[in-house]
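The values are calculated or read from the model by the stated rules, or taken from the named source; none is laboratory data. Model, not experiment: these values are computed from the prediction. Cβ sites come from the backbone with ideal geometry, for glycine too, and all protein chains shown count toward neighbours.
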Amino acid sequence: MKLNISNTFNTQLPADTDTSNTRRKVFDAAYANVNPKTPTHPELLHVSKDLAKSIGLKAEDLQSQAFLNVFSGSTIYPNTKPYAMAYAGHQFGNWAGQLGDGRAINLFEVLHNNNRWALQLKGAGETPFSRQGDGLAVLRSSLREYLCSEAMHYLGVPTTRALSLMLSGDKVLRDMLYDGNADYEKGAIVCRVAPTFIRFGNFELFASRNDIKNLKNLTDYTISHFYPDLGEPSISSYVEFFRAITMRTLDMVIHWQRVGFVHGVMNTDNMSVLGLTIDYGPYGWLEGFDFGWTPNTTDIQNKRYRFGNQPNIALWNLVQLANALFPLVKEAKPFEDILNDYKTNFDIKSLHMMRSKLGLQQSHDEDKKLIEELETCLLLTETDMTIFFRKLSALKKENNEDGLTIVNEAFYKANDISDSIARQWKSWFNDYSQRLDKEQLTDNQRKVKMNAVNPKYVLRNYMAQVAIDAANKEDYSLINELFDLLKHPYNEQSENEKWFAKRPEWARHKVGCSMLSCSS
Ligand code: AMP
Ligand code: MG
């Protein structure tokens, strides 16, 4: 196994001078060196072959002992020095101070076909940032992160990737429901991959300590490697840097709203500087369309991170990033202008995204109203978001009476469709049909366009849980099946029709299916 190692983060930014693996506050440094814990009996459960190829691995490497050793943390790749990154963050709206990679250990960066990739192990043992944690991860959360990051990639949503899922062979103690019933679970390690794992929180850490020298170092480093078009460091390039991050963050959130993804823990330490979906914890997928839904039991009181609030929270987080970058610009106005534009840009992009879900190519004044009325209808009774939009593409322009029948499968309880609800829907279908008359596309052309943005298959919460339950009994076949299914989320897959179905009733209130804690 030969990789083209090309380290930059830990060669261009300062390391902590303390090299011990003790929990502490780390000052004047972007990271601390730390080696992964040696797992007792590592076992490879799955590998993402496409990603492996993208980072320069060969098919035969994936079977090798070297691969197992390096990506389980058993051995360190020659001439590399693993490290944990220092960052801070706002959690659930409150300043939390230093956080850092408490259970992620960066191995190295590679350069392949001119693309830079940082590789890190999640769950490979404690680091100076572990605080009260053990630095480990359990199979349940690792499997969820592994499958979902790759699924999001294939959905076209900006995301960190996942190269491999391994069992460590060690047992990990977790109180899954935080109810005093701790139990041992299988330990696991995911190798995550992204151009960089720098978060908003990395900038917040230095700014909070008034460490302007390192704030500037980190910003210059990030711009030169990941936003090279912005040019040399200057006040204006720092402002443009913030603008670019704002745009990417907005695009990411619009994608989440398009596919019905709820991140669940949008703390500023979980916001990537590249606008990538990062840190898959208690995330979830909308089944019934619901702006108020969150999968995260820790957030059930305030529902801060509910589906409909994600665009606002992204903005809130960007305000924190603006505060952190402010010392480099020393003027609030440029930041305020960008933040003010966010709202306008969100309205424009969100409308464009919703039009695409409805197969509308043109823009007309009545579109906003049509979309709002659709959202009202979707909330009348529990309506599966994925099934609704997918089925809607089968509508024929001439035949609007059929609308309700076409999307019937999306309703959780067909009995809930009272006469008055049916009338509201019919009226909407009527408006939609009239709106379609203004379009040039044929029914079939519209269907093709709609099916390219409305996925047929997403990782429904219960699907991941079924795979977890099987994996806990040493049956790993579903990991493979779901991985392959989710590689082509927009395709019709006749053999996989069973996964194009509403959440089964047994999963409605089952832990892991409708609600998740942060325990992982
Ligand atoms: P998260 O909610 O997963 O984004 O994590 C928030 C912070 O807690 C980060 O600094 C993590 O590194 C840290 N953390 C989460 N779980 C553990 C764990 N098991 N051991 C050590 N640190 C952890
Ligand atoms: Mg995190």
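Does the range 281-288 contain at least one residue that is buried (at least 21 other Cβ atoms within 10 Å of the Cβ), part of a loop (DSSP other than H, G, I, E, B) and within 13 Å of ligand 2 (Cβ to nearest atom)?
yes
Which of the residues spanning the range 257-278 are among the polar types (S, T, N, Q), within 13 Å of ligand 2 (Cβ to nearest atom) and in a helix (DSSP H, G or I)?
T268, N270 - these are the residues of the range 257-278 that are among the polar types (S, T, N, Q), within 13 Å of ligand 2 (Cβ to nearest atom) and in a helix (DSSP H, G or I).
Hey, does the range 298-306 have a residue that's in contact with a Ser or Thr (Cβ under 8 Å, 6 or more places away or on another chain), part of a helix (DSSP H, G or I), away from ligand 2 (no atom under 16 Å from the Cβ) and of a type in the set (S, T, Y)?
no
Would you be able to tell me the number of residues in the range 482-493 that are surrounded by fewer than 15 Cβ atoms within 10 Å (Cβ to Cβ) and outside any loop (DSSP other than H, G, I, E, B)?
Residues flagged as surrounded by fewer than 15 Cβ atoms within 10 Å (Cβ to Cβ) and outside any loop (DSSP other than H, G, I, E, B) within the range 482-493 amount to 1.
Between a first residue in the range 259-271 that is aromatic (F, W, Y) and a second residue that is within 16 Å of ligand 2 (Cβ to nearest atom), which pairs have beta carbons less than 7 Å apart while being 6 or more apart in sequence or on different chains?
Partner pairs satisfying both residue conditions: F261/Y283.
Here is a check on your reading of the model: is L57 buried (at least 19 other Cβ atoms within 10 Å of the Cβ), over 23 Å from P128 (Cα atoms), without any contact (Cβ under 8 Å) to a residue 24 or more places away in the chain and touching a strand residue (DSSP E or B) at 6+ places or on another chain (Cβ under 9 Å)?
Answer is no for this residue.
What's the number of the condition T294 fails, among (1) part of a loop (DSSP other than H, G, I, E, B); (2) crowded, with 22+ Cβ neighbours inside 10 Å; (3) more than 16 Å from ligand 1 (Cβ to nearest atom); (4) not aromatic (F, W, Y)?
Only one criterion in (1) part of a loop (DSSP other than H, G, I, E, B); (2) crowded, with 22+ Cβ neighbours inside 10 Å; (3) more than 16 Å from ligand 1 (Cβ to nearest atom); (4) not aromatic (F, W, Y) is unmet by T294, namely (3).
Can you tell me which residue is nearest to the chain's Cα centre (by Cα) among those in the range 43-79 that are part of a helix (DSSP H, G or I) and aromatic (F, W, Y)?
My answer is F71.
Restricting the range 133-144 to residues that are outside any strand (DSSP E or B) and of a type outside the set (S, T, Y), which is nearest to ligand 2 (Cβ to nearest atom)?
Ranking the candidates gives G133 first.
Is there any pair linking a residue in the range 494-517 that is in a loop (DSSP other than H, G, I, E, B) to one that is of a type outside the set (D, E) and exposed (fewer than 12 other Cβ atoms within 10 Å of the Cβ), with Cβ under 7 Å and at least six apart or on different chains, and which?
Matching pairs, first to second residue: none at all.
Is there a residue in the range 355-376 that is at pLDDT 95 or above, among the small types (G, A, S), part of a helix (DSSP H, G or I) and more than 30 Å from F200 (Cα to Cα)?
For the range 355-376, residues at pLDDT 95 or above, among the small types (G, A, S), part of a helix (DSSP H, G or I) and more than 30 Å from F200 (Cα to Cα): present.
Being more than 18 Å from D367 (Cα to Cα) and touching a residue at least 24 places away in the same chain (Cβ under 8 Å) is the filter here, so list the residues in the range 427-447 that pass it.
D443, K447 - these are the residues of the range 427-447 that are more than 18 Å from D367 (Cα to Cα) and touching a residue at least 24 places away in the same chain (Cβ under 8 Å).
Condition test on S130, is it in a loop (DSSP other than H, G, I, E, B) and either of a type outside the set (S, T, N, Q) or within 11 Å of ligand 1 (Cβ to nearest atom) (or both)?
yes
Pick from G288, G275, G264: which is away from ligand 1 (no atom under 16 Å from the Cβ) and in contact with a Phe, Trp or Tyr (Cβ under 7 Å, 6 or more places away or on another chain)?
Being away from ligand 1 (no atom under 16 Å from the Cβ) and in contact with a Phe, Trp or Tyr (Cβ under 7 Å, 6 or more places away or on another chain) holds for just one of G288, G275, G264, which is G288.
Would you confirm, using the coordinates I've provided, whether T246 is touching a residue at least 12 places away in the same chain (Cβ under 8 Å), of a type in the set (S, T, Y), within 16 Å of ligand 2 (Cβ to nearest atom) and farther than 30 Å from A507 by Cα?
No, not satisfied.
What number of residues in the range 74-117 are farther than 22 Å from E145 by Cα, polar (S, T, N, Q) and either crowded, with 22+ Cβ neighbours inside 10 Å or in contact with an Asp or Glu (Cβ under 8 Å, 6 or more places away or on another chain) (or both)?
So the answer is 0.
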